[in-house]
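The values are calculated or read from the model by the stated rules, or taken from the named source; none is laboratory data. Everything quoted here is computed from the prediction, not taken from an experiment. When we count neighbours, we look across all protein chains shown, and the Cβ atoms used for this are built from the backbone with ideal geometry, even at glycine. Accessible surface areas use protein heavy atoms only, side chains included; no ligands, DNA or RNA. Shrake-Rupley method; radii C 1.70, N 1.55, O 1.52, S 1.80 Å.
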Amino acid sequence: MRRSQTSPPPPTARTSGHSDFSTIKTLLPYLWVYKWRVLVALLCLVGAKLANVGVPLILKKLVDAMTVTASHPQALLVLPVALLVAYGLLRLSTTLFTELREFLFARVTQRAVRTIALKVFRHLHALSLRFHLNRQTGGMTRDIERGTRSVGSLISYTLFNILPTLVEITLVLGYLVLHYDIWFSIITLVALVSYITFTVLVTNWRTHFRRTMNDLDSKANTKAIDSLINYETVKYFGNEDYEARRYDEGLQRYESAAVRSQTSLSLLNTGQSLIIATAVTLILWRATVGVIAGTMTLGDLVLVNAFMIQLYIPLNFLGVIYREIKQSLADMERLFALLEENREIADAPDARPLATHGATVRFNHVDFSYEAKRQILFDVDFEIAAGTTTAVVGHSGSGKSTLSRLLFRFYEVGQGSIVIDGQDLRAITQDSLRAAIGIVPQDTVLFNDTIEYNIAYGKPGASREAIVAAARAASIHDFIESLPDGYASMVGERGLKLSGGEKQRVAIARTLLKDPAILIFDEATSALDSKAEQAIQSQLKEIAKSRTTLVIAHRLSTVADAQQILVLDHGRIVERGTHPQLLAADGLYAQMWQRQQAGVQDESEDGEPAQLALAK
């Protein structure tokens, strides 16, 4: 079966509180990509039900044929053989049609799950830094896991359980109306309506228990993952029991909700059984009366009884199926809600790739606020000439690192603009922008993989020689080679198996491998000792010669030779110039320089390393 090459359209926009129908409507385009498979699978479904309904009809004829009378003794020798063969063929057809339906729909289901999961994954990466700073990783991952799993569950329950049952109910009721007393149809129809109504009402009442369980499960999982991620902090403060109590509080609330859910399930099952038992008893009573009166044969009795069994066996699971469908819809609602998260930073419809020719960076009177009531940058205006180094210094909280986030376009500027070679960042694609910029951040986070993988992340697919060259340039090759597994050494969760300095050098190597036109060093050597810092500083200066470089630093000695130094204070540029010019101005920069030099002198006299003194 060839599949359509058409990509599914984007999901329908949804808001909280939408109906279950809206959720299903959002899912349908992902299934309709394989419309021919879907249509053939539905035909197989109908075929299976026609064969299934035909089985009781054959049983009726078989029983009637076996009721041998004195005037027709030869009937027993011929008719049962044909009927037995027909019975076997119908049973086989039911299975074949069902398995063919499953086979056809397997690819539809799995591709829908894959497409939706990938779409959510890509969308999460497209969301702004603001979203990811506010997210709760444990709960979000659980929502994604449940949501993608629920896609397959919803398709299975609706197309393989509910729809076949409805087809069979229609066929059975039609046959009863045409061939038997009207009371058979009335009893069956009243029982079905009562059963379905009772199931839907009770299950809807139970749904809030399940939603509560999901919420509590996500919250407990969030606490657990957050605690494990911050393992060292928990140990530092001896708060293992405190974390266990917090986790157990969530588990206790989940336990209470689960008990209430199970109690309500018992009520549902009891009510369903009562309706089914009453209906089957009435049907058999009417059939028995008909046989005694001579208006029905024993075959008719068998036929009606078989019909009831075929109907009520799947209906017996309706409560479970309906509950699972409602649960799947609730889980999918959360998944699709992630797709509705506003990207905040999106490429303009006519955005073009960045074209660099020297990579001159210009901040034009930029204002910025993370929150409306708290402005971070005020009228920041400066230019980094192509191939030169500009350093930004200032006290903690002055807005230095915000400059790099704006340059990467993690946030939009409030007022003003940022341009690279005359191109406004808002007019170029984010992919091309970030491809042109490399950063060594102050807090380096590595993937829980090998050292080689983390360096190669700067340029996926890079050769081993290029990776080693980048490691040598970052002065970490010898350290890597000294490890038992060399470049195949695992760095651990967030790189915790490496020291701060080692992580920083891996980050430097990763950025060197990327070979960007613009470099950002955000306290790039802050975690290194004085010897390692001196070794790397010369390397950084060398690689920055042909690139436009922005250095964000607290330690002034690392930026003394920058072509331009900006002093930020409470989000404003209060001084600018070269190192000698700023010292001669005897302003804030000169004061910072004097304090740091005095700190170096004081600690050196006490025999403490200068690096430690500067770090303080």
Exercise for the section: Answer with yes or no whether L89 is assigned to a helix (DSSP H, G or I), at pLDDT 75 or above and out of contact with any helix residue (DSSP H, G or I) (no Cβ under 9 Å at 6 or more places or on another chain). Expected result: no
Practice task
Might you let me know whether segment 238-255 holds any residue that is closer than 28 Å to I321 by Cβ, open to solvent by 60 Å² or more (accessible area, probe 1.4 Å) and not charged (D, E, K, R)?
Solution key: yes
Completion exercise
Of (1) charged (D, E, K, R); (2) under 30 Å from the mean Cα position of the chain (by Cα); (3) at pLDDT below 85, R286 fails just (2)
Exercise for the section: Report yes if V440 is at pLDDT below 85, surrounded by 16 or more Cβ atoms within 10 Å (Cβ to Cβ) and not small (G, A, S), otherwise no. Expected result: yes
Handout entry: segment 101-131, subset of a type in the set (G, A, S) and surrounded by 16 or more Cβ atoms within 10 Å (Cβ to Cβ), residue modelled with the lowest pLDDT
Key = S128
Handout entry: Boolean, M308 is farther than 24 Å from V193 by Cβ, surrounded by 17 or more Cβ atoms within 10 Å (Cβ to Cβ) and touching a residue at least 12 places away in the same chain (Cβ under 8 Å)
Key = no
Completion exercise
Contact list, first residue from segment 484-497 and closer than 17 Å to N230 by Cβ and at pLDDT 80 or above, second anywhere and open to solvent by less than 10 Å² (accessible area, probe 1.4 Å) and assigned to a loop (DSSP other than H, G, I, E, B), beta-carbon distance below 8 Å, six or more apart or interchain, is K497/V491
Exercise for the section: Determine whether V234 is open to solvent by less than 60 Å² (accessible area, probe 1.4 Å), touching an Asp or Glu at 6+ places or on another chain (Cβ under 8 Å) and at pLDDT 80 or above. Expected result: yes
Fill in the blank from the handout: In the set A509, A517, the lone residue that is within 18 Å of D478 (Cβ to Cβ) and modelled with pLDDT of 85 or more is A509
Practice task
Determine the pairs where a residue that is surrounded by fewer than 18 Cβ atoms within 10 Å (Cβ to Cβ) and aliphatic (A, V, I, L, M), located within segment 278-293, has a partner that is modelled with pLDDT under 80 and outside any helix (DSSP H, G or I) with Cβ atoms under 9 Å apart, the partner being 6 or more residues away or on another chain.
Solution key: V289/T295; V289/M296; V291/T297
Completion exercise
Within segment 464-478, restricting to residues that are farther than 18 Å from Q537 by Cα and touching a residue at least 24 places away in the same chain (Cβ under 8 Å), the one that is surrounded by the most Cβ atoms within 10 Å (Cβ to Cβ) is I467
Exercise for the section: Looking only at segment 329-346, decide whether some residue is in contact (Cβ under 8 Å) with a residue 24 or more places away in the chain, aromatic (F, W, Y) and open to solvent by 20 Å² or more (accessible area, probe 1.4 Å). Expected result: no
Completion exercise
Taking segment 366-399 and the residues there that are modelled with pLDDT under 85 and over 20 Å from L583 (Cβ atoms), the one that is least open to solvent (accessible area, probe 1.4 Å) would be G399
